[in-house]
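Only one structure is covered here, and it is reproduced in the block below.
Every read-out reported here was derived from the displayed coordinates using simple, explicitly stated rules and does not represent laboratory data. Just so it is clear, the model here is predicted, and its values are computed rather than measured. All Cβ positions, glycine included, derive from the backbone under ideal geometry; neighbour counts span all protein chains shown.
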Amino acid sequence: MIDLGVPASEIADHVRDGEWSAEAVTRASLEAIRGREDLNAFLHVADDVALETAREIDQRRARGERLGAMAGVPVALKDALCTIDSPTTCASKILTRDGVSQKTGWRSPYDATVTSRLRNADAVLVGKTNMDEFAMGSSNENSAFGPVKNPWDPTRITGGSSGGSAAAVAAGLVPVSLGSDTGGSIRQPSALSGVVGVKPTYGRVSRHGLVAFASSLDQVGPITRDVRSSARVLEVIAGADPRDSTAARVPVGRYEEACDRPLDRLRLGVPESYFGDGVDPEVETSVREAISTLEEAGCEIVPIELPHTHYGIATYYIIATAEASSNLARFDGVRFGLRVEPAHGDLQALYGATRDAGFGPEVKRRIMLGTYVLSAGYYDAYYKKAQQVRTLIRRDFETAFGRVDVIATPTTPTPAFAIGEKSADPLAMYLGDVYTLPASLAGICALSIPCRPAKNREGRGELPVGLQLLAPSFGEERLFTLASTWEAASPARGNRPPPAGGR
Ligand code: GLN
């Protein structure tokens, strides 16, 4: 009997050993996806292609071939990752032909590097997940194809921008998904959906084939239900890539092995200022409880300061929008997706008409903001200043990591909020990113892992809470060791959201 709830690493081991067929596992996943269309987690399901891949994997095993580390594991990819055999839309109308449906989505002529590495490791790619348009957002409400619902409470957001990826794993539709994290988009939806999400060090994973949002910040990373599976996936997708000069030539760590290492008197830094105003009391209690448990497990707790954190939001929303305004200039009706012919006018009019019809309001807001902060007369006051503050934020971490090995914080200030609650107030939405942005600006690695859930005050049941762990650049092994220790002790261990219609 196939149980998609077991860790991905175990599924791969069962398929390798021939206990489970890749085809049966894939069928189970496709069925689960079909059973939860209400969540709106998927923009494309690759039924036939996935089954064909699975059957090939089974045949290769039957011929005695040794299968890869992801043998037969169904994986969902955020729709910002290019796939040669399915559409890629970034949840934007501008990457569709008809300006309406994801079914007419743009077809990439190549696979992203992470896509091909997963295929080479014998993963089965079952579909593309919903997201905030071009990864801009924290709630998945900015998707042109509707919001993703939180499997714990469908009246609530599941976080963003990799909301579909997080919800798909949380609801047990796939054991693994990939997301992208520019300022928190893997960690935040993972926290709000009750799963594990890893933002690797900038440069750890190739960005080739990830549709660019803010190139100095973007990273691809795994979302899974358990720590070991994330470790295994990262080992598969990480490493240098001739197609991305920012993919560092740093040897890939033994992440899975790191999950079994003892803690060894790790110094755990706690920035007290992260527990001030604006944090939900239940989130605070839950994260503090996790820190005490880690202390009992042998960590030395060290109070630290990250004094420039409160500039993180302003800094990020200048740098990220500036880069986005440049990156998104390529969507103009000429080469990709939508083309809106203006009634009259020249090429400029074509650009204007296409971009006006194709981009949603948040993307337009960011392009305008980004263009503004880069423009002559404002560049020094905004963009240059933001780059300077970015350096200060990075130095905060350098100083802190002189004294501690890992830093622990909440991933988000509150549990998942209601769909619609913040959509009219972009600033309120941006403020929720306060804890995830600094690690992105500093380029260090971070992950989010469930801790004790909060009460769902308006609904029934519980809402997930995330513990964020941060380590210096290329310190992923340390993160996995600590996260595994926490996972074994976590009160959230084994928690599952209710089934469809369960509330
Ligand atoms: N929520 C942040 C934003 O809207 C982060 C998004 C991301 O990491 N892609 O920009």
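Observations, loosely collected:
- Debye-formula intensities of the stretch 45-131, expressed as log10 I(q)/I(0) at q = 0.11 Å⁻¹, are -0.32 (one equal scatterer per alpha-carbon, no solvent).
- Percentage relative contact order, the stretch 216-303, counting C-alpha pairs under 8 Å, at least six apart: 26 percent
- Summarising the strand pairing of the chain, around 70 percent of its internal DSSP beta bridges are antiparallel.
- For the peptides 199-210, 63-74, 389-400, 171-182, residues were scored by their other Cβ atoms within 10 Å and the scores averaged per peptide; the highest-first order is 171-182, 199-210, 63-74, 389-400.
- Inter-part distance where the stretch 289-318 and the stretch 410-484 are each reduced to a Cα centre, Å: 12 Å
- Of all aspartates and glutamates in the structure, those lying under 15 Å Cα to Cα from K103, and not within fewer than 8 positions of it along the same chain, are D47, D79, D85.
- Over the stretch 350-452: Kirkwood hydrodynamic radius from C-alpha pairwise inverse distances, Å: 16.9 Å
- Each principal axis of the stretch 87-241 carries a Cα extent, and these read 37, 37, 30 Å when sorted largest first.
- For the chain, the relative contact order comes to 17 percent (Cα pairs under 8 Å, sequence separation of at least 6).
- A crude spin-label estimate for the pair T155 and R457, with each label 7 Å from Cα along the Cβ direction, gives 1.4 nm.
- Distribution of pairwise C-alpha distances over the stretch 259-349, 10 Å bins, in %: 12, 23, 20, 16, 14, 11, 5, 0
- Subset of K385/K422; K128/K149; K149/K422; K128/K422 violating a 19 Å alpha-carbon distance limit: K385/K422; K128/K422
- Alpha-carbon Debye profile of the chain, log10 I(q)/I(0) at 0.06, 0.08 Å⁻¹: -0.24, -0.44
- Partner aspartates and glutamates for K384 [C-alpha distance under 14 Å; skip if fewer than 8 residues away on the same chain]: E323
- Per-residue [θ]222 nm for the chain (sum of -39500 (n - 2.57) over DSSP H runs n ≥ 4, rounded to 500): -10500 deg cm²/dmol
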